[in-house]
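> This is the structure, below, for whatever I ask next.
What follows draws every value from the coordinates through simple rules; no lab data is involved. Bear in mind that the values here come from a model prediction, so they are computed numbers and not experimental data. Positions of Cβ are generated from backbone atoms using ideal geometry, with glycine treated the same way; all protein chains shown enter the neighbour counts.
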Amino acid sequence: MKKKKRLKRKIKLLIVLIFLVIIGILSVILLRPVICKNMIRSKGYSNEAAELFFKSDMTKEITDKEYSKTVDEMIINNKYKSEYLDKYYEIKYVDDKLFVDNINSLIEKEYSTSLINTIYTKYSSDMINYLMENKLYDIDKYIEVEIFKPDLISRYVKINTKEYKDKVLYVNMHRDEDVYKNPVIVDTYSTSMLVNKHYSLTSDYKPNLVRLNNCSTDDHYLSKEAKEAWDKMCKAATKDGYQLDVTSSYRSYSDQTATEKYYLKLYGQSYVNKYVAKPGFSEHQTGLALDVKSKNGSPFKTTKEYTWMVKNSYKYGFILRFPEGKEAFTGYNPESWHFRFVGEDIAKYIHENDITYDEYFALFIDK
């Protein structure tokens, strides 16, 4: 009798234990989603993201790391790819309507996450779209160039040179474009203004002018700053025993038209293309340029005055504007007589670094 009672107690106990185990299992099954989703939400993820990550059995992967807005947005917008999870964490979220749509494509094109962060924080949608359409394995090399302009990337890649800085500089100087076509219009006076075959003045542009009264036999004019610098240089040259003179200074738009016609008739189109600017494209119209000669002889390049000017003009803010060997940058054949006022600091840099003003402008002014 006692054995039967003990057996009954054991059976009851077993039933209770089985019941408790079942309850425990059911509790785990029922509570696990709540617990897991709460763990995911506690990291900062949205309810929708927590639901989706739980369904994908990714609770551990997500809760083992800090919150990522990029990860959150990728999953709730149905763009998430598990193989890219680690990359998503490295990409900073940007509030852009196409950000989520573009991320996978950029990753698939093998752009690094650091590059993706750079282009999204620094550049426009046009740059991003270009990279989406064209795989540029060396895009980071272009970006490293300080004067890189994202809107010109399609032009940079067409330049056949090994140096990325040279590609960028060449295009920034508009040297990949046809001369005199679609020029940048310059309408404000500045001693640092650029006028060449890609930068044009309007036909009515005229700076405030002052007549030259030193080292100038004929009637010539420059802007106030250029005239004052010319006076100082004239005084220094004269003191050193050199005799400078001016053959041409400020020329208006109509003056340049007449000049072009004169040389065209005298020497032909080939000469004009090399030495004579079209109206509106001449530095002489800025009031900052002048053609120099020696009172002791000609051609100017063979005179001691030329040698003195090359060595000393930068001290007074002038540069030899079209030096020999720089035709690829200036667009003109060498002109030993043509000097341009740019200010002492700029002139010194150009002199010491053996570059043209076209290069200087692209490197330091037109950023």
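> Just how many % of Cα pairs in the range 74-172 lie over 15 Å apart, if you round to the nearest whole percent?
Values: 2946 of 4851 pairs.
Summing the P(r) tail past 15 Å for the range 74-172 gives 61 percent.
> Now for a separate question. What is the Cα coordinate range of the range 205-278 on the first, second and third principal axes, sorted by size from largest, in whole angstrom?
The principal-axis extents, from largest down, are 41, 29, 18 Å.
> About the Cα centre of the chain, how large is the charge dipole given +1 on each Lys and Arg Cβ and -1 on each Asp and Glu Cβ? Please answer in debye to the nearest 20. Before the final figure, lay out each step's value.
Numbers: 58 positive and 52 negative charges, 722 e Å.
It works out to roughly 3460 debye.
> If you don't mind, another one. Just want to confirm a number: the relative contact order over the chain, from Cα pairs under 8 angstrom separated by 6+ residues, in percent.
Values: 452 pairs, mean separation 38.1, N = 367.
Across the chain, relative contact order equals 10 percent.
> Under the Cβ-under-4.7 Å rule, which cysteines of the chain stay unpaired?
Flagged as lacking a Cys partner: Cys36.
> Here is a follow-up. Could you go through the range 285-299 in sequence order and give the Karplus-derived ³J(HN,Hα) for each residue, using 6.51 cos²θ - 1.76 cosθ + 1.60 with θ = phi - 60°, rounded to whole Hz, and x for Gly and Pro?
My calculation for the range 285-299 gives 6, 6, x, 10, 10, 8, 9, 10, 9, 9, 6, 9, x, 8, x Hz in order.
> Moving to a separate point now. Order these peptides, 157-165, 336-344, 310-318, by their mean beta-carbon neighbour count within 10 angstrom, highest first. Show your work: numbers first, answer last.
Values: 157-165: 11.9, 336-344: 22.2, 310-318: 19.3.
In descending order of packing, they fall as 336-344, 310-318, 157-165.
> Read through the labelled values (1) 46; (2) 13; (3) 8 and report the label of the one computed as percent of Cα pairs over 39 Å apart from the structure.
Of the labelled values, this structure produces (1).
> Arranged by the count of other C-beta atoms within 10 angstrom, fewest first, what order do Tyr360, Tyr253 take?
Numbers: Tyr360 20, Tyr253 17.
The fewest-first ordering by Cβ neighbours comes to Tyr253, Tyr360.
> In addition: Which of rounded, prolate or oblate describes the range 227-367 when judged by the alpha-carbon gyration tensor and an a/c cut-off of 1.5?
Values: a/c = 1.63, a/b = 1.19, b/c = 1.37.
Cα axes put the range 227-367 in the oblate bin.
> Taking a label point 7 Å from the Cα of Ser190 along the Cα→Cβ vector, which residues of the range 332-367 have an amide N closer than 16 Å to it?
Only 341-347, 357-367 pass the distance filter.
> Any idea which of Phe148, His174, Pro299 is furthest toward the positive side of the dipole for the chain, if Lys and Arg beta-carbons carry +1 and Asp and Glu beta-carbons -1?
Phe148
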